[in-house]
Amino acid sequence: MQISSIEFECSNPDLTTCPEDNLLEFAFIGRSNVGKSSLLNMLSGKRSLARVSATPGHTKLINFFQVNRKWRLVDLPGYGFAQVARKDKARFNDAVSDYLANRPNLACVFSLIDASIPAQKIDLEFIEWLADNAVPFVLVFTKTDKVSATKVRNNIQAFNDLIAGWFETMPESYSCSSTKRDGRSELLAVIDRTIASEKAAALAAPKDEAEG
């Protein structure tokens, strides 16, 4: 996939104010300080698409970007950000869970996990929630350049071992480094394949209904 254009569309506090569900959406989320903004900038090819902040939890609204005028990239608030009042943190997390569980045009969630550190309880709880709510997602292990390749492999394997019991088939997983631009083509390929699959399903649906 080539990104020829990407435009900020809107920011919204909750599901009811989201834009019309006429385009497939691909959402990105992770624990605070997982490197989400850097990853989105790397994917889009724009250095300032998402603000890279030294303060975790900068993203507090659901941010929509229209890509190639064909699909949306959705930047979701991180979970577990420490610098937000407890009442606000709960509100934002409720808004995110509502979006993830009930947005009809949500095609895939890219769940970001920091590969430079051991598995975090909050990440495991979030993956379990995605599985329980049948939300389509892939795992994206970030910051693979921050520690040795051996430690990255061990951390990823340990994480996968902890979640293996929740799935009949393990979710797809990818590794990336925003600094080295590793993983960009693989993540864009996921989006490309998903769009193609959704189009094929939409074309087949009327035929199947007629035969039925």
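The values are calculated or read from the model by the stated rules, or taken from the named source; none is laboratory data. Bear in mind the structure is a predicted one, so any value in this text is a computation, not a measurement. Quick reminder, even Gly has a Cβ in these numbers, built from the backbone with ideal geometry, and neighbours come from all protein chains shown.
Hey, any hits in region 144-155 for a residue that's within 15 Å of PHE28 (Cα to Cα), touching a Lys or Arg at 6+ places or on another chain (Cβ under 8 Å) and surrounded by 13 or more Cβ atoms within 10 Å (Cβ to Cβ)? Checked against the condition, which is being within 15 Å of PHE28 (Cα to Cα), touching a Lys or Arg at 6+ places or on another chain (Cβ under 8 Å) and surrounded by 13 or more Cβ atoms within 10 Å (Cβ to Cβ), region 144-155 yields no hits at all. Screening region 13-32 for residues that are more than 17 Å from the chain's Cα centre (by Cα) and not in a loop (DSSP other than H, G, I, E, B) and picking the one that is surrounded by the most Cβ atoms within 10 Å (Cβ to Cβ) gives THR17.
The residue pairs whose first member lies in region 103-119 and is of a type in the set (Asp, Glu), whose second member is surrounded by 20 or more Cβ atoms within 10 Å (Cβ to Cβ), and whose beta carbons are closer than 6 Å, counting only pairs six or more residues apart or on different chains, are ASP114/VAL34; ASP114/THR142; ASP114/LYS143.
Just so you know, in region 156-195 the residues that are under 19 Å from LYS36 (Cα atoms) and among the acidic types (Asp, Glu) include one that is surrounded by the fewest Cβ atoms within 10 Å (Cβ to Cβ), and it is GLU172. Of all residues in region 35-74, those satisfying the criterion of being out of contact with any helix residue (DSSP H, G or I) (no Cβ under 9 Å at 6 or more places or on another chain), at pLDDT 75 or above and among the small types (Gly, Ala, Ser) are GLY35, SER37, SER38, SER44.
For LEU106, the requirement of being under 25 Å from ILE3 (Cβ atoms) and buried (at least 18 other Cβ atoms within 10 Å of the Cβ) is met.
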